[in-house]
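To start, the structure itself, in structure tokens.
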Amino acid sequence: MAKIEIYTTAFCPYCSRAKKLLSSKGVDFIEHDVMMSAGLRKKMSEMAGGASSVPQIFVDGKHIGDCDGIHRMDDQGKLDKALGIGA
């Protein structure tokens, strides 16, 4: 199974929306709260090609996008494959 990581902050509606979508897919994910850690946010941004907004989602270390990005992938039928589920 793929290792799914999501970088978030507390009280972020986009983070909640992204986590809800991932949960609806039945996948486990590791959540990293970057609110109190400048170093963790910097690591996230470097891994995400400079993106500093949350959430940022990674599968097996590969950046797959932010909240809008994973919803767009889902609408296009591409998210399940990226998450390593389904066909």
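General remarks:
- Global geometry of the stretch 1-48, whether rounded, prolate or oblate, following the gyration tensor of its Cα atoms and the 1.5 cut on a/c: oblate
- Rounded percent of accessible protein surface that carbon and sulfur make up, the chain, 1.4 Å probe: 52
- Lysine pairs meeting the criterion (Cα under 16 Å, 8 or more apart or interchain), as found in the chain: 9
- About the centre of its Cα atoms, the chain shows a dipole size close to 40 debye [charges on the beta carbon of Lys, Arg (+1) and Asp, Glu (-1) only; nearest 20 debye].
- Rel. contact order, % - alpha carbon contacts under 8 angstrom, at least six apart, the chain: 34
- Unpaired Cys in the chain, meaning no second Cys C-beta under 4.7 Å: Cys67.
- Rounded tilt (10° steps) of 13-24 against the dominant C-alpha axis of the chain: 30
- The residues of the stretch 1-69 present an accessible area of 56 Å² per residue when probed at 1.4 Å with all protein chains retained.
- Helix-derived mean residue ellipticity, 222 nm - over the chain, DSSP H n ≥ 4, -39500 (n - 2.57), to 500: -11500 deg cm²/dmol
- A simple spin-label model places the labels of Lys62 and Lys43 2.2 nm from each other, with each point 7 Å out along Cα-to-Cβ.
- Projecting the Cα atoms of Ser45, Ile64, Ile30 onto the dipole axis of the stretch 22-65, where Lys and Arg carry +1 and Asp and Glu carry -1 at the beta carbon, places Ser45 farthest toward the positive end.
- Cut-off 13 Å, label 7 Å out along Cα→Cβ of Asp74, residues of the stretch 10-46 by amide N: 14-27
The values are calculated or read from the model by the stated rules, or taken from the named source; none is laboratory data. Remember, it's a predicted structure, so these values are computed and weren't measured experimentally. Note that we place each Cβ from the backbone using ideal geometry, even for glycine, and neighbour counts take in every protein chain shown. All accessible areas refer to the heavy atoms of the entire protein, side chains included, with ligands and DNA or RNA removed. Shrake-Rupley method; radii C 1.70, N 1.55, O 1.52, S 1.80 Å.
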